[in-house]
Amino acid sequence: MDPVLDIKQLTMDFGGLRALDHIDLDVKAGEIAALIGPNGAGKTTFFNCITGIYKPTQGDMFISPGGKNRIRINGLKPNQVTERGMARTFQNIRLFQNMTVLENVMMGRHCRMRAGIPGAVFRNKATREEEKRVVQESYEILEKIGLEQFVNEFAKNLPYGAQRRLEIARAMATEPFILLLDEPAAGMNNQETSELDQLVLKIREEEHISILLIEHDMKFVMSLSDRIFVMDYGKKIAQGTPQEIKSNPAVIRAYLGEDVDA
Amino acid sequence: MTALNEIKKSLLVSIWFMFLTFPIMVIKVNTVEQTISWRWNRLAAVGIGSFCLSFVWRYMLKRKETGAKKTALGNGGELSAVQRLLQNPRFFKPALLATAVFALIYPFYFSMYQVNIMTTALIYVILGLGLNIVVGLAGLLDLGYVAFYAVGAYSYALLHIHFGLGFWACLPIGAGLAMMFGIVLGFPVLRLRGDYLAIVTLGFGEIIRLILENWNAFSYGPSGIANIPRPGLFGMHLTIHQSLIYIYFIMVAIVVFTIFVVRRLQDSRIGRAWIALREDEVACQATGIDKTKTKLSAFALGATWAGMGGVVFAAKTTFINPASFTIWESVMILCIVVLGGMGSILGVILGALILMLLPEYMRAFSEYRMLLFAAALVVMMVFRPNGIISAVRRNYEFKGTNEKETA
Amino acid sequence: MDYFMELFLGGLTRGSIYALIALGYTMVYGIIELINFAHGEIYMIGAFTALITISVLTMLGLNKIAILLIAAVAAIIYSSAYGYTAEKVAYKPLRSAPRLSPLISAIGVSLFLQNYVLLAQTSDFLPFPNLIPQFKFLKAYGGIVQSSEIVIYVTTAIVLVILTFLIKFTKLGKAMRATAQDRDMAMLVGVNVDRVISFTFVVGSATAALGGVLIASHIGQINFYIGFIAGIKAFVAAVLGGIGSMPGAVLGSLVLGWTESFFTGYISSDYEDVFAFLFLVLILIFRPSGILGRTDTDKV
């Protein structure tokens with residue numbers, strides 16, 4: 001079985017600056033993988049490259065939904081990447097602020113819907129049914145994530161932790177086989193973090209979605225991940241199980257070095 | 001103490017504005033006769049006016065700040081009295097009925113002049129609703145909107161001259177041509193960022209107007225095209241009065257049709273995608289929405305309505321020339337949308353009616369019309385960016401898991 | 001060759017005036033990312049203030065050069081005051097609003113100032129006296145270039161030098177650059193961002209006013225609408241050079257001035273304005289970052 005996400009030699013230059021330097025990374029089916037590293041190591045740039053927001057300078061990117069049908073995703077637009085089953089969240093929450101919570105999730109269903117302009121105007125049977133189904137499905141996703149009490153609130157009025165979870169709900173609505181989470185626990189308190197921990201596990205167990213996450217909260221990463229990739233200055237400096245990473249001298253140097261610099 | 005302070009502040013503002021407006025307001029030079037007239041009374045007016053307005057301004061700024069602090073919870077908390085009233089079916093149904101009756105009997109109780117003005121206002125209603133799709137829903141600031149209006153008007157005029165086509169044939173053709181223009185122009189420009197898009201569409205709008213002005217062989221140049229026929233009714237001969245009433249009813253029908261379509265669109269898959277696009281482009285794409293297609297559909301639909309408006313405009317005035325299609329016409333339609341409330345159908349309709357009818361009925365004030373519109377643009381942006389009537393999102397119906405089990 | 005020279009110098013004149021206006025666009029955009037739609041109107045206000053001052057002083061019978069200088073100073077003061085006020089009233093309350101709000105507000109200011117001048121003064125074209133003396137040494141060149149054009153070139157060059165100095169070497173200039181880079185950070189390190197932004201508007205407006213006075217005396221007439229077209233063209237120039245970049249604004253202005261001049265001189269003058277707009281559309285579509293601009297990737 002192919003890894004669901006397979007990145008080979010990914011390189012990204014901004015002008016003269018090499019933000020990513022020949023990164024290899026893979027995520028296996030059903031795996032929770034983490035991408036860690038000091039600030040500015042290039043983790044978010046990595047996400048932006050593989051989701052089509054940036055165009056990488058070099059390298060190959062493949063996805064294999066369900067471990068088969070390997071697809072090369074270089075040059076795909078972000079929406080095409082999402083359509084093919086790789087969804088993401090953002091480090092700085094990017095919700096549709098002036099839409100309701102339910103609508104935010106419904107937006108995720110957009111690429112699985114078909115109704116066009118004629119359908120919208122004539123509201124034929126197929127459109128009406130699709131609409132009804134999507135509302136129902138979206139509500140169920142909210143229930144799974146535990147946001148059903150906010151269903152008709154504007155997204156901007158949600159508490160911080162709930163906004164982060166809503167981003168996950170919206171991503172889940174696109175029916176991904178892999179979910180990329182960019183610092184999902186950032187700014188959360190202990191209580192919220194442990195709830196998030198449960199949620200991520202639940203997504204993996206019940207929905208069979210693989211997860212790749214960027215996170216700074218080491219306790220969270222170590223307890224949750226099957227494998228960890230470590231980046232520093234655009235290079236991958238280590239990969240392995242949490243145990244291996246903990247004792248890896250290069251990793252310790254990268255983190256301690258950062259402390260000394262700071 | 002604070003009251004004294006406030007007065008001092010306002011006094012300073014007043015002095016500043018008297019200084020600011022002094023040369024242009026007070027001194028009027030007659031360059032031919034080399035005489036100067038000093039209009040001191042204006043200085044006093046500016047002083048008193050700005051003194052009073054500065055209180056209002058500061059009060060409104062303060063109110064806005066405190067308003068921002070207490071974030072209203074949920075969809076329901078932000079509803080204004082008007083909206084709550086409208087959502088109440090006991091009020092809404094009779095109001096709708098009354099409006100319908102009024103619209104039907106209007107031309108028979110009012111003068112021809114007033115019917116004419118109302119028809120113009122209705123044209124601006126559909127222009128506003130069309131631009132509302134582009135600006136209000138999809139968040140694309142289109143400053144060249146009037147170009148599509150021109151496309152509609154000129155297609156009717158030219159198709160009539162060259163092929164003898166009538167109004168009813170030209171209405172869909174004009175709308176279709178405008179839509180095609182929208183797609184062709186939209187395709188290259190829609191990947192630009194918001195403010196650049198505004199400027200490029202402005203550029204396109206002006207290019208089209210300048211071409212109409214200079215390409216005499218095609219568009220008859222600045223002198224325009226006259227004798228465009230009014231719409232016919234089964235070959236019957238209509239007096240001018242009758243045909244004005246007829247056009248009025250055509251416009252009422254188009255407005256109803258437009259409201260119907262826009263209402264359905266904004267609560268559909270595509271309409272939600274427009275709004276999401278307005279809210280956050282990057283997140284929108286990452287959520288699986290095709291940015292280009294979504295933007296293009298909004299742009300093209302907006303253009304379609306402008307084209308339709310253009311055909312009716314040409315038929316109503318029977319004369320068109322490029323001077324009707326300047327950038328300021330686009331700005332005026334933008335005013336309608338901004339003032340009424342971006343994304344809100346009722347708001348845009350009210351906006352169009354207020355902006356078009358008020359100056360007609362308050363003659364004294366019609367000279368200052370553009371000045372006041374301009375001031376309204378700024379004031380609305382600063383104090384009430386959502387417009388008179390802000391858009392409401394719909395609450396959808398669904399079943400919770402528990403209810404479903406029992407059902 | 002003479003014809004070519006004439007067009008070249010004419011293009012240089014246009015370009016210099018565009019540059020004086022474009023600098024304001026580019027500075028404001030650099031600092032708050034706002035297309036100050038009303039900038040052209042500030043330039044128009046400058047020209048009107050100058051005309052009014054000149055008329056009053058002429059009747060008092062002052063010396064021509066003194067009149068011109070006083071009028072220029074008055075124009076600068078008033079344009080700056082209008083620019084400053086517009087920023088305070090229409091843009092400052094919208095600093096944290098969505099990006100399109102200040103732009104719409106700016107359109108409002110532009111329309112307001114046009115109609116304000118239209119109502120308070122007149123819609124007619126007013127003659128603007130040329131007070132720039134005829135330089136004797138120009139006679140040798142057979143009138144290929146007028147003295148007013150020489151004054152335009154020299155003034156533009158001086159303004160450029162002063163502005164460059166201001167931005168590169170003064171404390172305020174440093175604060176401006178810091179604010180342009182990262183407003184929040186600048187605020188944190190103690191830059192008075194409000195003051196810096198106000199100052200930027202004042203400087204930009206003053207430069208535009210100078211452009212207004214110079215072009216008005218060169219062309220010889222003004223009306224309330226001159227700001228719009230000049231503003232759009234200067235904006236094209238600023239974008240062409242790379243908006244946010246001051247040398248870019250000057251370069252873009254000269255390129256636009258020359259292209260316009262040669263286009264109307266050798267090809268056709270009917271479509272002069274179409275040409276400028278076409279230029280605008282093409283640049284924005286194909287190279288929105290301009291000649292000297294940096295391509296910035298949206299931060300995600």
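The values are calculated or read from the model by the stated rules, or taken from the named source; none is laboratory data. Since this is a predicted model, take the numbers as computed values, not measurements. Methodologically, a virtual Cβ is constructed for each residue, glycine included, from the backbone with ideal geometry; neighbour enumeration extends over all protein chains shown. For accessibility, only protein heavy atoms count, side chains too; no ligands or nucleic acids. Shrake-Rupley method; radii C 1.70, N 1.55, O 1.52, S 1.80 Å.
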- Just to be sure, is C:A22 on the phi < 0 side of the Ramachandran plot and touching a strand residue (DSSP E or B) at 6+ places or on another chain (Cβ under 6 Å)? no
- Within the bounds of the range C:245-252, is there any residue that is within 13 Å of chain B (Cβ to nearest Cβ), open to solvent by less than 20 Å² (accessible area, probe 1.4 Å) and in contact (Cβ under 8 Å) with a residue 40 or more places away in the chain? no
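Can we say A:E129 is charged (D, E, K, R) and open to solvent by 40 Å² or more (accessible area, probe 1.4 Å)?
So A:E129 passes the test.
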- Query: Out of C:F235, C:F277, which single residue is in a helix (DSSP H, G or I), within 14 Å of another protein chain (Cβ to nearest Cβ), at pLDDT 85 or above and open to solvent by less than 10 Å² (accessible area, probe 1.4 Å)?
  - Reply: C:F235
- Message: in contact (Cβ under 8 Å) with a residue 12 or more places away in the chain, among the hydroxyl-bearing types (S, T, Y) and within 13 Å of chain B (Cβ to nearest Cβ): which single residue out of C:S101, C:S96, C:S105, C:S148 fits that description?
- Response: C:S105
- Message: Please list, ordered by residue number, the helices (runs of 4 or more DSSP H) wholly in the range B:220-308 having 2 or more residues that are without any contact (Cβ under 8 Å) to a residue 12 or more places away in the chain and surrounded by fewer than 23 Cβ atoms within 10 Å (Cβ to Cβ).
- Response: B:240-266, B:281-286
- Qualifying position, being at pLDDT 90 or above, away from every other protein chain (no Cβ under 14 Å) and either under 30 Å from C:L34 (Cβ atoms) or touching a Gly at 6+ places or on another chain (Cβ under 8 Å) (or both), among B:G152, B:G144: B:G152
- Quick one: in the range B:366-407, which of the residues that are aromatic (F, W, Y) and at pLDDT 75 or above is least open to solvent (accessible area, probe 1.4 Å)? B:F373
- Query: When the range C:112-126 is examined, which residues are found to be more than 21 Å from the chain's Cα centre (by Cα) and either within 7 Å of chain B (Cβ to nearest Cβ) or of a type in the set (D, E) (or both)?
  - Reply: C:L119, C:A120, C:Q121, C:D124
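Per-residue answers, yes or no, for (1) surrounded by 15 or more Cβ atoms within 10 Å (Cβ to Cβ); (2) among the charged types (D, E, K, R); (3) touching a helix residue (DSSP H, G or I) at 6+ places or on another chain (Cβ under 6 Å):
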{"site": "A:L5", "(1), (2), (3)": "yes, no, no"}
{"site": "A:G16", "(1), (2), (3)": "no, no, no"}
{"site": "A:V27", "(1), (2), (3)": "yes, no, no"}
{"site": "A:I50", "(1), (2), (3)": "yes, no, no"}
{"site": "A:P56", "(1), (2), (3)": "yes, no, yes"}
{"site": "A:G66", "(1), (2), (3)": "no, no, no"}
{"site": "A:K77", "(1), (2), (3)": "yes, yes, no"}
{"site": "A:R88", "(1), (2), (3)": "yes, yes, yes"}
{"site": "A:Q97", "(1), (2), (3)": "yes, no, yes"}
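Go through the range B:333-348 and give me each residue that's open to solvent by less than 30 Å² (accessible area, probe 1.4 Å) and either of a type in the set (S, T, Y) or on the phi < 0 side of the Ramachandran plot (or both).
The answer is B:I333, B:L334, B:C335, B:I336, B:V337, B:V338, B:L339, B:G340, B:S344, B:I345, B:G347, B:V348.
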- Message: Being within 9 Å of chain B (Cβ to nearest Cβ) and within 20 Å of B:L141 (Cβ to Cβ) narrows it down to one residue among C:E41, C:E33; which is it?
- Response: C:E33
- Positions within the range A:97-119 being more than 7 Å from every other protein chain (Cβ to nearest Cβ) and within 14 Å of A:M172 (Cβ to Cβ), in sequence order: A:V101, A:N104, A:V105, A:R109, A:R112
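Each row is one residue, and each column tells you yes or no for (1) at pLDDT 90 or above; (2) more than 23 Å from the chain's Cα centre (by Cα); (3) within 29 Å of B:I247 (Cβ to Cβ); (4) not assigned by TED's automatic domain parsing to the domain that holds B:F313.
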residue	(1), (2), (3), (4)
B:G176	yes, no, yes, no
B:G182	yes, no, yes, no
B:R193	no, no, no, no
B:A198	no, no, no, no
B:A217	no, yes, no, no
- Query: Do we find that A:T174 is surrounded by fewer than 16 Cβ atoms within 10 Å (Cβ to Cβ), modelled with pLDDT of 90 or more and not hydrophobic (A, V, I, L, M, F, W, C) in this structure?
  - Reply: no
- Query: Is it fair to say A:I23 is in a loop (DSSP other than H, G, I, E, B) and either more than 18 Å from B:Q285 (Cα to Cα) or among the aliphatic types (A, V, I, L, M) (or both)?
  - Reply: no
- Item | The listed residue being in a helix (DSSP H, G or I) and surrounded by 19 or more Cβ atoms within 10 Å (Cβ to Cβ), out of A:V221, A:V230 | A:V221
- Task: Among the residues of the range A:139-176, write down those that are more than 9 Å from chain B (Cβ to nearest Cβ) and either charged (D, E, K, R) or touching a His at 6+ places or on another chain (Cβ under 8 Å) (or both).
- Result: A:K144, A:R164, A:R165, A:E175
- Item | Filter result for the condition that a residue is surrounded by 20 or more Cβ atoms within 10 Å (Cβ to Cβ) and more than 23 Å from the chain's Cα centre (by Cα), over A:G108, A:G119 | A:G119
- Task: Taking only the range A:47-96 into account, find how many residues are without any contact (Cβ under 8 Å) to a residue 60 or more places away in the chain, touching a strand residue (DSSP E or B) at 6+ places or on another chain (Cβ under 7 Å) and either facing chain B (nearest Cβ under 7 Å) or assigned to a loop (DSSP other than H, G, I, E, B) (or both).
- Result: 6
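Determine whether A:N152 is open to solvent by less than 50 Å² (accessible area, probe 1.4 Å), under 29 Å from B:R264 (Cβ atoms) and part of a loop (DSSP other than H, G, I, E, B).
Spelling it out, A:N152 is indeed open to solvent by less than 50 Å² (accessible area, probe 1.4 Å), under 29 Å from B:R264 (Cβ atoms) and part of a loop (DSSP other than H, G, I, E, B).
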- Message: Considering only the range A:34-41, I want to know if a residue exists there that is outside any strand (DSSP E or B) and within 11 Å of chain B (Cβ to nearest Cβ).
- Response: no
- Query: Looking only at the range A:120-131, which residues are in a helix (DSSP H, G or I) and within 7 Å of chain B (Cβ to nearest Cβ)?
  - Reply: A:A120, A:V121
- Quick check: is even one residue across the range B:153-164 touching a residue at least 12 places away in the same chain (Cβ under 8 Å), assigned to a helix (DSSP H, G or I) and under 30 Å from C:P102 (Cα atoms)? no
- Restricting the range C:57-77 to residues that are among the β-branched types (V, I, T) and open to solvent by 30 Å² or more (accessible area, probe 1.4 Å), the residue that is farthest from the other protein chains (Cβ to nearest Cβ): C:I65
